[in-house]
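Step one of this worksheet: look at the structure below.
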Amino acid sequence: MAERLKGTVWDAFAGRPDCLNDTSEFLTELDENPRLRSSANLRTLSRVRSELERLPEFTDLGDPVELRLQDVLVLMNQLMARMR
């Protein structure tokens, strides 16, 4: 029996053709639909701001902050688009 390859979210983000899933579909939609990209950016920044406002002023820079995977993908997509 052949072992099924297990991809990661990074593999989908990197565009591996064998990683077609919700993550890769979402990233394709972001690339192809400017209105979706704009609204996703605004929602993401709003949620990130809310998380940062919850933290006390003297929080250590090494402390973890919980973000949604969707928000991380939107931010990574924006950062990588600037490098292309």
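The values are calculated or read from the model by the stated rules, or taken from the named source; none is laboratory data. Please read these numbers as outputs of a predicted model, since none were measured by experiment. Note: ideal-geometry Cβ built from the backbone for every residue, glycine included; neighbour counts use all protein chains shown. Ligands, DNA and RNA are stripped out before the accessible areas are found, and what is left, the full protein with its side chains, is counted by its heavy atoms. Shrake-Rupley method; radii C 1.70, N 1.55, O 1.52, S 1.80 Å.
Descriptive notes on the structure:
- Pair list, Cβ < 7 Å and 6+ apart or interchain, from the range 63-79 residues that are within 18 Å of S39 (Cβ to Cβ) to residues that are open to solvent by less than 70 Å² (accessible area, probe 1.4 Å) and among the small types (G, A, S): V74/A40
- Being under 27 Å from T8 (Cβ atoms) and surrounded by 10 or more Cβ atoms within 10 Å (Cβ to Cβ) is a description that does not apply to L55.
- Listed by first and then second residue, the pairs linking a residue in the range 38-49 that is exposed (fewer than 11 other Cβ atoms within 10 Å of the Cβ) to a residue that is at pLDDT 95 or above and of a type in the set (D, E, K, R), with Cβ atoms under 8 Å apart and 6 or more places separating them unless they lie on different chains, form an empty list.
- Per this entry, T28 is not counted among residues that are polar (S, T, N, Q) and outside any helix (DSSP H, G or I).
- Being modelled with pLDDT of 90 or more, outside any helix (DSSP H, G or I) and of a type in the set (V, I, T) is a property that does not hold for V48.
- Of the numbered criteria (1) open to solvent by 100 Å² or more (accessible area, probe 1.4 Å); (2) over 12 Å from the mean Cα position of the chain (by Cα), the one W10 fails is (2).
- For the range 1-56, residues that are basic (K, R) and under 20 Å from L67 (Cα atoms) total 5.
- Residue check for T59: in a loop (DSSP other than H, G, I, E, B) and either out of contact with any strand residue (DSSP E or B) (no Cβ under 6 Å at 6 or more places or on another chain) or at pLDDT below 95 (or both): yes
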